[in-house]
Amino acid sequence: MAEEIINKVANSVLEVFDLEEYYQNGIRTQIDISQWLYEGFLLKEKDFREALKQHNWSQYQDHFVAIHCATDAIVPAWASILVASHCLPFVKKVILGDLSALEISLYQDILSPIDYSIYKDKPIIIKGCSKKPVPESAYILAISHLQPFAKSIMYGEACSAVPLYKRTK
């Protein structure tokens, strides 16, 4: 008679914290300010303002937007703020930075308000493999929220987890 196969992982008290579950779906767009600079480097205020007025901002409807400058131009702070003001009626979120900074910001927004007390005194595994782009800093943000509550924290998959934290008795 064959022995029954028991899934020990499914029967364990281990809580899985999967950052992929918190990924915010939506289009990520990077807007490069240098497209409105003279030769990509010089901001001529009148021309810059006119180019922004003529731009089709509705194309970013419901996008997550990162504003940056791809050249080494020295751009005054008000320029990116002005671009953001044109975006705001259409976008879900706008930040100054690249797409990586945008992803980090999205995870900060979604992870900060979670009630982590539900993980009090529990062993947790922060799931490591993901099909969606989860920035490394999101894992650091997750452990910073989980550690005050968790009994222990591991990273990876249940079959091959790396111990990260264990509360001292």
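The values are calculated or read from the model by the stated rules, or taken from the named source; none is laboratory data. Predicted model, so just to flag it, every value in this text is computed and none were measured. Heads up, the Cβs are rebuilt from the backbone with ideal geometry, glycines too, and the neighbour counts pull from every protein chain shown. For the accessible areas, the whole protein counts, side chains as well, though only heavy atoms, and no ligand, DNA or RNA atoms are used. Shrake-Rupley method; radii C 1.70, N 1.55, O 1.52, S 1.80 Å.
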Please work out if D72 is under 24 Å from F41 (Cα atoms), in a loop (DSSP other than H, G, I, E, B) and out of contact with any Cys (no Cβ under 6 Å at 6 or more places or on another chain). yes
Output the number of residues of the range 41-64 satisfying the condition of being surrounded by 11 or more Cβ atoms within 10 Å (Cβ to Cβ) and among the small types (G, A, S). 1
Scanning the range 20-58 residue by residue, the ones that are assigned to a helix (DSSP H, G or I) and under 20 Å from L96 (Cβ atoms) total 10
Got at least one residue in the range 134-146 being over 15 Å from the mean Cα position of the chain (by Cα) and farther than 12 Å from L164 by Cα? yes
So, in the range 84-128, of the ones that are in a strand (DSSP E or B) and open to solvent by 50 Å² or more (accessible area, probe 1.4 Å), which residue ends up farthest from F64 (Cα to Cα)? K127
I'm trying to understand the selection: among the residues of the range 14-40, which are aromatic (F, W, Y), open to solvent by 50 Å² or more (accessible area, probe 1.4 Å) and over 22 Å from V94 (Cα atoms)? Y38
Scan the range 65-83 and give yes if some residue there is at pLDDT below 95, open to solvent by less than 30 Å² (accessible area, probe 1.4 Å) and out of contact with any His (no Cβ under 7 Å at 6 or more places or on another chain), otherwise no. yes
